[in-house]
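A short worksheet on the structure shown next.
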Amino acid sequence: SVMGHLAKADGRVSAQEIQAASAVMSQMQLTPSQREAAIDLFEQGKEPDFPLDDILKQFRTECHRRKTLLRMFLEIQVQAALADGRIDPAENQILLHVANVLGFDSDQVHHLINFIRGAGNSPADQEKSLEDAYKVLGVDPEANDTDIKTAYRRLMSRHHPDKLVAKGLPEEMIKLATDKTKEIQQAWERIRDHRKA
């Protein structure tokens with residue numbers, strides 16, 4: 001529902017935003033009934049009287065302060081906002097509000113935006129540029145090897161599916177975590193190989 005609300009923020013829901021929502025549902029391997037419920041929630045989120053704060057507070061309560069699950073949720077919202085290749089000012093405002101209610105600050109939102117932009121999700125994005133690899137790891141290209149390795153390990157620890165399962169990540173979100181881990185690993189390897197050359 002929050003994804004639907006974000007998609008409607010700029011006044012219309014684009015085909016790319018619908019595709020992004022559908023892709024998340026597919027990645028989560030929802031059953032047909034779960035997918036139908038997710039589509040209904042997406043539609044509810046587009047309504048002008050959508051109770052965003054109530055939904056976010058309920059979600060935060062149900063997560064029992066599990067930061068990993070809250071961060072994954074926020075990542076999904078950033079991914080949805082970037083579906084059409086840019087973040088509209090209204091979408092940015094909602095993202096910052098969502099982050100605030102869930103206990104994240106604006107710097108964390110901007111880091112996620114860079115992470116998702118650098119990671120890319122289409123097959124054409126699989127061959128990432130070196131610049132994108134640095135964005136995925138959230139480090140500056142001038143950073144030293146130690147700082148880059150530290151950033152890589154921190155992100156792997158934060159997104160590794162085995163750790164997330166232990167922290168209570170729902171089964172439906174494991175595929176998303178696996179994909180993120182793969183993107184982080186590819187970025188690290190690209191930077192490492194470039195620096196060795």
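May I ask for the net charge around Arg192, where only other residues with Cβ less than 13 Å from the Cβ of Arg192 are counted and Lys, Arg are +1 while Asp, Glu are -1?
Working: positive: Lys149, Arg153, Arg190, Arg195, Lys196; negative: Asp145, Glu189, Asp193.
Taking every other residue near Arg192 into account, the sum is +2.
Show that you can apply the helix-only estimate: for the chain, add -39,500 (n - 2.57) for every DSSP H stretch of four or more residues, divide by all residues, and state [θ] at 222 nm to the nearest 500. Intermediate values should be presented prior to the final figure.
Details: 11 runs with 140 residues, N = 197.
Computed mean residue ellipticity for the chain: -22500 deg cm²/dmol.
Considering only protein heavy atoms and a 1.4 Å probe, what is the carbon-and-sulfur percentage of the accessible area of the chain? Before the final figure, lay out each step's value.
Values: 5270 of 10580 Å².
Carbon and sulfur: 50 percent of the exposed surface of the chain.
For His159, His194, His97, His5, give me the order by solvent-accessible area with a 1.4 Å probe, most accessible first, ignoring ligands, DNA and RNA. Present the calculation step by step, with values, prior to reporting the outcome.
Details: His159 5, His194 100, His97 70, His5 40 Å².
From most accessible down to least: His194, His97, His5, His159.
Any idea what the dipole of the chain comes to, in debye rounded to 20, about its Cα centre with Lys/Arg Cβ at +1 and Asp/Glu Cβ at -1?
Values: 27 positive and 31 negative charges, 170 e Å.
So the dipole magnitude of the chain works out to roughly 820 debye.
Between Arg195 and Ser157, what FRET efficiency follows from the Cβ-Cβ distance if R0 is 30 Å, with the result rounded to 0.05? It would help to have the intermediate numbers written out before the result.
Details: r = 22 Å, r/R0 = 0.72.
With a Förster radius of 30 Å, E is 0.85.
Can you tell me how the chain classifies by the Cα gyration tensor, rounded, prolate or oblate, using a/c under 1.5 as the rounded cut? Kindly include the intermediate steps, with their values, before the conclusion.
Working: a/c = 1.73, a/b = 1.58, b/c = 1.09.
Verdict is prolate for the chain.
If you rank Glu75, Glu47 by how much accessible surface each has, with a 1.4 Å probe, what is the order from largest down? Before the final figure, lay out the partial values.
Numbers: Glu75 5, Glu47 95 Å².
Largest accessible area first, the residues go Glu47, Glu75.
Describe numerically, in nm with one decimal, the distance between label points set 7 Å from Cα along Cα→Cβ at Ile18 and at Ala166.
Here the answer is 4.3 nm between the modelled labels.
Compute the whole-percent fraction of alpha carbon pairs in the range 36-94 spaced more than 15 Å apart. Don't jump to the answer; show the numbers that get you there.
Values: 1067 of 1711 pairs.
Pairs farther apart than 15 Å: 62 percent.
Hey, with R₀ at 41 Å, roughly what FRET efficiency would Ser129 and Thr31 work out to, going by the Cβ-Cβ distance, to 0.05? Please report the intermediate quantities before stating the final value.
On the way: r = 38 Å, r/R0 = 0.92.
That pair, Ser129 with Thr31, gives E of 0.60.
Give me the number: length gained by fully extending Asp179 to Asp107, i.e. 0.36 nm times residue separation minus the C-alpha to C-alpha distance, one decimal in nm. The partial results should precede the final answer.
Working: separation 72, 0.36 × 72 = 25.92 nm, distance 2.32 nm.
Result: 23.6 nm gained on full extension.
Keeping every protein chain present and rolling a 1.4 Å probe, give me the accessible area per residue for the range 37-111 in Å². Can you show the working numbers first?
Numbers: 3920 Å² over 75 residues.
Using a 1.4 Å probe on heavy atoms only, each residue of the range 37-111 averages 52 Å².
Quick one: net charge of Phe104's neighbours, Cβ under 15 Å, K/R +1, D/E -1? Could you put the intermediate results ahead of the total?
Working: positive: Lys57, Arg60, Arg65, Arg66, Lys67, Arg71, Arg158; negative: Glu75, Asp105, Asp107.
Charge balance near Phe104 sits at +4.
Obtain the nm distance between the two label points defined at Asp40 and Thr61 by a simple spin-label model: each point lies 7 Å from its Cα along the Cα-to-C-beta direction.
If labels sit at Asp40 and Thr61, their model points lie 2.1 nm apart.
Within 10 Å, at most 12 other Cβ atoms, and a DSSP state outside H, G, I, E, B define an exposed site. Report the longest part of the chain free of exposed trypsin sites (Lys or Arg not before Pro). Walk me through the numbers before you get to the answer.
On the way: sites that count: Arg12, Arg65, Arg86, Lys167.
Answer from the scan: 87-166.
Give me the net charge for the shell around Val2: Cβ to Cβ below 13 angstrom, other residues only, Lys and Arg +1, Asp and Glu -1.
On the way: positive: Lys8, Lys46, Lys57, Arg60; negative: Glu17, Glu43, Glu47, Asp53, Asp54, Glu75, Glu91.
Charge balance near Val2 sits at -3.
Decide, for the range 1-77, between rounded, prolate and oblate: order the square roots of the alpha carbon gyration tensor eigenvalues as a ≥ b ≥ c, take rounded if a/c falls under 1.5, and otherwise choose prolate if a/b is larger than b/c, else oblate.
Values: a/c = 1.62, a/b = 1.17, b/c = 1.38.
Oblate is the answer for the range 1-77, as a/c is 1.5 or above yet b/c matches or exceeds a/b.
What's the angle, to the nearest 10 degrees (0 to 90), between helix 32-45's Cα axis and the longest principal axis of the chain?
Helix 32-45 and the main axis of the chain meet at about 80 degrees.
In degrees from 0 to 90, rounded to the nearest 10, what is the angle of the helix 67-81 Cα long axis to the longest principal axis of the chain?
Tilt relative to the chain: about 80 degrees.
Hey, if you put +1 on the Cβ of every Lys and Arg and -1 on every Asp and Glu Cβ in the chain, which of Gly103, Gln77, Ile148 ends up farthest toward the positive end of that dipole?
My answer, from the dipole projection, is Ile148.
What is the count of Lys pairs in the chain whose alpha carbons sit under 16 Å apart, if the two are 8 or more places apart or on different chains?
Within the chain, the lysine pair count is 15.
The values are calculated or read from the model by the stated rules, or taken from the named source; none is laboratory data. Keep in mind that what you see is a predicted model, and the values were worked out from it rather than measured. Glycine also receives a Cβ, built like all others from the backbone with ideal geometry; neighbour counts cover every protein chain displayed. Ligands, DNA and RNA are excluded from the accessible area calculation, which covers all protein heavy atoms including side chains. Shrake-Rupley method; radii C 1.70, N 1.55, O 1.52, S 1.80 Å.
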